[in-house]
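Please read the structure below before turning to the comments.
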Amino acid sequence: MDVKIEKSWKKVLQTEFEKEYFEKLVSFVRQEYNSKTIYPKAAKIFNAFNLCPFDKVKVVIIGQDPYHEPNQAHGLCFSVNENVALPPSLQNIFKEIRQDLNIEPYLNGDLSRWASQGVLLLNATLTVEAHKAGSHQNKGWETFTDSVISHLANDKEGLVFMLWGSYAQRKGEFINRAKHLVLKSVHPSPLSAHRGFFGNHHFSQTNEYLKNQGKPPLDWR
């Protein structure tokens, strides 16, 4: 199956695109876009991959579902389009960056600026029906994104995986801690952030780890 995705990812994932589950998933997603309002826009489904090629990945942040309200989702987890109000979890992420690094993040929720530095902002499910959280779960996306994480964990070394919340932690439990830095905490949602997301120092730990490998640290603003 010919999938429009950045060429280094296409090479890595080609066998996945040819599997029966993925063909069924594509058929389901196509039907949904033809009959309902689905987010993100179809051209942005693989935005995280297109902005952060396989060979450029340094950090992986795992989210769960795209935002399901208008103008928010654009294919990067936790990120929203420019000039859209910051969702609560993203506000808390920026708050931790302020406290951890003593810098002021740009008050713009489009995290493409992170993606272009090598941060793969990967949702477990890449599409969602408008106003219906979780509506495209268990259709095949999770199998696909498990394969993405598996390729990153097995084919590369020295990556940072940020696993926020029990869902992301389950998804990344197989990652080899001897090859990669795995950072875990509760989710940045207002329901849990005060139980250990604030003060987790994931952003400074990431930069320290990258510097120790001779890689440039990330500008988290």
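The values are calculated or read from the model by the stated rules, or taken from the named source; none is laboratory data. As the structure is a prediction and not an experimental result, all values here were calculated from the model. With ideal geometry, Cβ positions are generated from the backbone for all residues, glycine too; neighbour counts draw on all protein chains shown. When the accessible area is computed, the model is the full protein with side chains, heavy atoms only, and any ligands, DNA or RNA have been set aside. Shrake-Rupley method; radii C 1.70, N 1.55, O 1.52, S 1.80 Å.
Answer yes or no: is there a residue in the range 157-167 that is among the hydrophobic types (A, V, I, L, M, F, W, C), crowded, with 20+ Cβ neighbours inside 10 Å and assigned to a helix (DSSP H, G or I).
no
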Examine the range 51-59 for a residue that is of a type in the set (Asp, Glu), open to solvent by 20 Å² or more (accessible area, probe 1.4 Å) and not in a helix (DSSP H, G or I), and state whether such a residue exists.
-> no
Where Pro188 falls short, out of the listed (1) over 19 Å from Pro53 (Cα atoms); (2) open to solvent by 10 Å² or more (accessible area, probe 1.4 Å); (3) in a loop (DSSP other than H, G, I, E, B) | (2)
What number of residues within the range 117-143 satisfy the criterion of being open to solvent by 60 Å² or more (accessible area, probe 1.4 Å) and either in a loop (DSSP other than H, G, I, E, B) or in contact with a Phe, Trp or Tyr (Cβ under 9 Å, 6 or more places away or on another chain) (or both)?
-> 5
Can you spot a residue in the range 17-27 that is assigned to a helix (DSSP H, G or I), over 17 Å from His136 (Cβ atoms), out of contact with any helix residue (DSSP H, G or I) (no Cβ under 7 Å at 6 or more places or on another chain) and open to solvent by 30 Å² or more (accessible area, probe 1.4 Å)?
-> yes
Only one of (1) over 20 Å from Ser189 (Cα atoms); (2) not in a loop (DSSP other than H, G, I, E, B) is not met by Ile97, so which one is it?
-> (1)
Mind checking which pairs have a first residue in the range 105-134 that is over 20 Å from Val59 (Cα atoms) and a second that is open to solvent by 10 Å² or more (accessible area, probe 1.4 Å) and small (Gly, Ala, Ser), Cβ under 6 Å, 6 or more apart or different chains?
-> Val128/Ser135; Glu129/Ser135
Would you confirm whether any residue within the range 36-50 is in contact with a His (Cβ under 7 Å, 6 or more places away or on another chain), assigned to a loop (DSSP other than H, G, I, E, B), open to solvent by less than 60 Å² (accessible area, probe 1.4 Å) and touching a residue at least 12 places away in the same chain (Cβ under 8 Å)?
-> yes
Within the range 107-116, count every residue that is part of a loop (DSSP other than H, G, I, E, B), open to solvent by 10 Å² or more (accessible area, probe 1.4 Å) and in contact with a Phe, Trp or Tyr (Cβ under 9 Å, 6 or more places away or on another chain).
-> 1
State which residue pairs qualify: first residue among the hydroxyl-bearing types (Ser, Thr, Tyr) and inside the range 55-68, second residue in a strand (DSSP E or B) and open to solvent by less than 30 Å² (accessible area, probe 1.4 Å) in any location, beta carbons under 8 Å apart, and separation of 6 or more residues or different chains.
-> Tyr67/Val128
